[in-house]
Amino acid sequence: MIRIWAKVIKNDKIIKQYMLEKLETMDYSLFFDYVREICENLDIPTPVVIKTHLFNYAKYNVLRFKKDDFVESISFDKLVLENAFA
């Protein structure tokens with residue numbers, strides 16, 4: 001089962017959150033699809049996902065997207081994804 005807790009943070013406060021839950025096992029080749037689905041539900045732009053992001057999430061169970069990771073302008077400080085089972 002996949003559970004990813006997404007938090008949109010501005011001024012060190014959570015302004016939006018969403019829990020992605022799927023009954024399948026984690027497939028890192030689909031990680032961008034998970035991020036895209038999370039961002040659609042939060043109504044925010046989707047960040048660029050690179051290999052380093054995948055490694056950080058797999059190793060540390062947390063991933064932080066900052067303003068530089070987005071092509072579009074954003075009105076928050078960061079998007080944090082956490083493995084809810086960690």
Q. Hey, in the GNM for the chain with a 10 angstrom Cα cutoff, which one of 13, 51, 67 fluctuates hardest?
A. 51
Q: Could you tell me how many degrees, from 0 to 90 and to the nearest 10, lie between the Cα long axis of helix 31-42 and the main elongation axis, the longest principal axis, of the Cα atoms of the chain?
A: 50
Q. With every protein chain left in place, what is the accessible area per residue of the chain in square angstrom, probe 1.4 Å?
A. 64
Q.
What is the percent carbon and sulfur in the accessible area of region 1-52, measuring with a 1.4 Å probe over the protein chains and ignoring ligands?
A. 49
Q | At q = 0.12, 0.16 Å⁻¹, base-10 log of I(q)/I(0) for the chain (Debye sum, equal scatterers on each alpha carbon) | A | -0.31, -0.56
Q: May I ask you to rank 16, 7, 22, 59 by accessible area, largest first, using a 1.4 Å probe over the protein chains only?
A: 59, 16, 22, 7
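The values are calculated or read from the model by the stated rules, or taken from the named source; none is laboratory data. These numbers come from a predicted model, not from an experiment. For the accessible areas, the whole protein counts, side chains as well, though only heavy atoms, and no ligand, DNA or RNA atoms are used. Shrake-Rupley method; radii C 1.70, N 1.55, O 1.52, S 1.80 Å.
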